[in-house]
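The values are calculated or read from the model by the stated rules, or taken from the named source; none is laboratory data. Fair warning: this is a prediction, and the values are worked out from it, not measured in the lab. Don't worry about glycine lacking a Cβ; one is built from the backbone with ideal geometry, like all the others, and counts go over all protein chains shown.
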Amino acid sequence: MASDRLVERRRVFKQYKEDVKERGKPFYPFAMWHDTVMSLVVVSVIIGLAIVWKFSTPGDHIGTDPGWLGKLYDAPADPGTINFVPRPDWYFYFLFYLLRIFKWPESVVLGTIGLPTVFLVLLIAMPFIDLRAERRIGRRPVAVIAAIMVVLSMGILTYKGATAKEALGTELLAHVPKWAAKEGFSQNKQAVAGAKLFAQAGCLNCHTYNGDGGHNLGAPELTAEGSKNKGIAFQIAHLKCPACVNPGSPMPSFAGLGDARLKTLAAFLEASKGGK
């Protein structure tokens, strides 16, 4: 079987060479030259647009009027925002939506690494598996169906990822009254405001509180954080620079939230005594 395939490949290659000699041009150097010229044109256009964008914009500072191709700079990002929803570029939307199907922690590896890797390996292997010289679509039903299914599935996943709505902590906000009642700070407006911020700021991606939140990253449980009596000042300092207070802490800084928000968050943590 292997020898028959080798003979057939040699025959096809010989026929290709004869056809090129009689009525065609070889890939090298003709096609490569065309590709090189076209690449040079594309790069030149990009450089030209960048030059026009730079020198048609008045001034180099934030807030200046836009030039022919838009502004040079936008306003700085707000590091304390709790309303921003990070989203990938459009060509990763299908993977973005797979994360909604294969949820953490049981199956997320399957959705983000397993399936894409398997399909990519199959795609790379196809030229080495299917060695037939047949090109007519009607005689290659498996390849046609596979291509249609790939395009259709990626198209649907891309659309679903592009139109997916983010909750922005809405589900967890609904738990705040339950937390307040259980921990006994329902009448403490500052602690309630801190609990809402805690639910929205992504704290529960790592920490747990009254059974809610992430259980996989090793961050401490905070339901009884207030029973340690560390104080508001300590909590604010820790939130601003966790590694300064606890050397080696992997927790990111929340200084961007601002002093007023950090004070409410600290009040919430100190009011969390572990439940009645």
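Of all residues in region 223-237, those that are more than 15 Å from His207 (Cβ to Cβ) have Cβ atoms under 9 Å from Cβ atoms of residues that are assigned to a loop (DSSP other than H, G, I, E, B), 6 or more apart or on another chain, in Ser227/Ser272; Ser227/Lys273; Ser227/Gly274.
Any residue at all in region 54-69 that is hydroxyl-bearing (Ser, Thr, Tyr), in a loop (DSSP other than H, G, I, E, B) and within 21 Å of Ala164 (Cα to Cα)? No, because not a single residue in region 54-69 is hydroxyl-bearing (Ser, Thr, Tyr), in a loop (DSSP other than H, G, I, E, B) and within 21 Å of Ala164 (Cα to Cα). Residue-level analysis places Leu131 among those that are loosely packed, with under 12 Cβ neighbours inside 10 Å, closer than 30 Å to Val12 by Cβ and touching a residue at least 24 places away in the same chain (Cβ under 8 Å). The lone criterion from (1) in a loop (DSSP other than H, G, I, E, B); (2) in contact (Cβ under 8 Å) with a residue 12 or more places away in the chain left unmet by Ala77 is number (2). All conditions in (1) under 30 Å from Arg11 (Cα atoms); (2) surrounded by 10 or more Cβ atoms within 10 Å (Cβ to Cβ); (3) in the same structural domain as Thr158 (by TED's automatic domain parsing); (4) out of contact with any helix residue (DSSP H, G or I) (no Cβ under 9 Å at 6 or more places or on another chain) hold for Ala31, with the sole exception of (3). Among the criteria (1) assigned to a helix (DSSP H, G or I); (2) closer than 26 Å to Pro252 by Cβ; (3) touching a residue at least 40 places away in the same chain (Cβ under 8 Å), the one Phe94 does not fulfil is (2). When each of Ala195, Ala233 is tested for being out of contact with any His (no Cβ under 7 Å at 6 or more places or on another chain) and surrounded by fewer than 20 Cβ atoms within 10 Å (Cβ to Cβ), the lone residue that passes is Ala233.
The set of residues from region 101-152 being of a type in the set (S, T, N, Q) and outside any loop (DSSP other than H, G, I, E, B) comprises Thr112, Thr117. Quick check, is Thr223 touching a strand residue (DSSP E or B) at 6+ places or on another chain (Cβ under 9 Å) and not small (Gly, Ala, Ser)? In short, yes.
Residue count for region 212-229, restricted to those that are touching a helix residue (DSSP H, G or I) at 6+ places or on another chain (Cβ under 7 Å) and modelled with pLDDT of 90 or more: 3. Applying a threshold of 8 Å to beta carbon distances and a minimum spacing of six or more residues, or different chains, the list of pairs starting in region 257-276 at a residue that is aromatic (Phe, Trp, Tyr) and ending at one that is assigned to a helix (DSSP H, G or I) reads Phe268/Gln190; Phe268/Ala191; Phe268/Val192; Phe268/Ala193; Phe268/Gly194; Phe268/Ala195; Phe268/Leu197; Phe268/Phe198. Screening region 242-262 for residues that are crowded, with 16+ Cβ neighbours inside 10 Å and either among the hydrophobic types (A, V, I, L, M, F, W, C) or at pLDDT 95 or above (or both) and picking the one that is farthest from Ala181 (Cα to Cα) gives Met251. Take the residues in region 42-77 that are modelled with pLDDT under 75 and surrounded by 10 or more Cβ atoms within 10 Å (Cβ to Cβ); name whichever of them is nearest to Ala193 (Cα to Cα). Of everything passing the filter in region 42-77, Ile62 is nearest to Ala193 (Cα to Cα). When Thr170 is tested against (1) of a type outside the set (Gly, Ala, Ser); (2) in contact with a Gly (Cβ under 7 Å, 6 or more places away or on another chain); (3) at pLDDT below 90, exactly one condition is not met: (2).
Only one of the numbered conditions (1) touching a strand residue (DSSP E or B) at 6+ places or on another chain (Cβ under 6 Å); (2) modelled with pLDDT of 90 or more; (3) not β-branched (Val, Ile, Thr) is violated by Tyr209, and that is (1). Residue-level analysis places Ser39 outside the set of residues that are farther than 30 Å from Gly258 by Cα, at pLDDT below 80, part of a helix (DSSP H, G or I) and not assigned by TED's automatic domain parsing to the domain that holds Phe254.
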